[in-house]
Amino acid sequence: MPYRSEMPHIHSFLPVSNADARVLILGSMPGKKSLAQSQYYANPQNAFWKIMGELVGAKPDIPYEGRLRLLKSSGIALWDVLASCERLTSLDSHIREESANDFASFFALHPHISQVFFNGSKAEQSFSKFVRDKQSLPPLMFCRLPSTSPAHAGMRYEDKLQAWRAAIRV
């Protein structure tokens, strides 16, 4: 690992949401391709948009803004647990010096959200470490889903899709 001074300090995006959202999907922190394009899940090898295409019609071949509209119209909000961190690569295992987003304010503005789904274990771990029991949260149902990241190649796409389909019912 490089010296800390060489580690870029990166920031996540604003949430994608409507006030009437019922579901929140949380990642950890956007990867390099996503940060470069200012788009959630911009890496074409990431299965997120393919899965959202199956669930709500937000297919990868639809322009990004259209995919976001489809998510929002389906009651799905999208965000990341971390507001900022240091990370040299796109790997979650390289994340250092994390700070969390303000979920107390987010949930106050989105009172209909009752379900939170973590896109992989790093999002869930970061939420547990930096948010749960540290920020004032409403009663929520939490569930970790298989990561859509290409780094999580040990699970077939069909199995990921089945897990996401069983959990997210919009």
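Where a number appears in this text, it was derived from the coordinates with a stated rule and is not lab data. None of the values given here were measured: they were computed from a predicted structure. Positions of Cβ are generated from backbone atoms using ideal geometry, with glycine treated the same way; all protein chains shown enter the neighbour counts.
A few remarks follow.
- Largest GNM mean-square fluctuation among Ala47, Ala100, Ala36, using the chain with Cα springs under 10 Å: Ala36.
- Highest-fluctuation residue, Arg69, Arg22, Arg156 considered, GNM on the chain with Cα pairs under 10 Å: Arg156
- Estimated purely from DSSP H runs of n ≥ 4, each contributing -39500 (n - 2.57), the mean residue ellipticity at 222 nm for the chain is -8500 deg cm²/dmol once divided by its residues.
- Given charges at beta-carbon only (K, R positive; D, E negative), |dipole| of the chain in Debye: 260 debye
- Panel order for His11, His110, by other beta carbons found within 10 Å of each beta carbon, from fewest to most: His11, His110.
- Once backbone amide H atoms are built at 1.01 Å from N, Asp80 has Gly27 as its partners under 5 Å, excluding neighbours fewer than 5 places away on the same chain.
- Over region 29-165, the pair-distance histogram of Cα-Cα distances with 5 Å bins from zero comes to 2, 9, 18, 23, 22, 17, 8, 1 percent, rounded to whole numbers.
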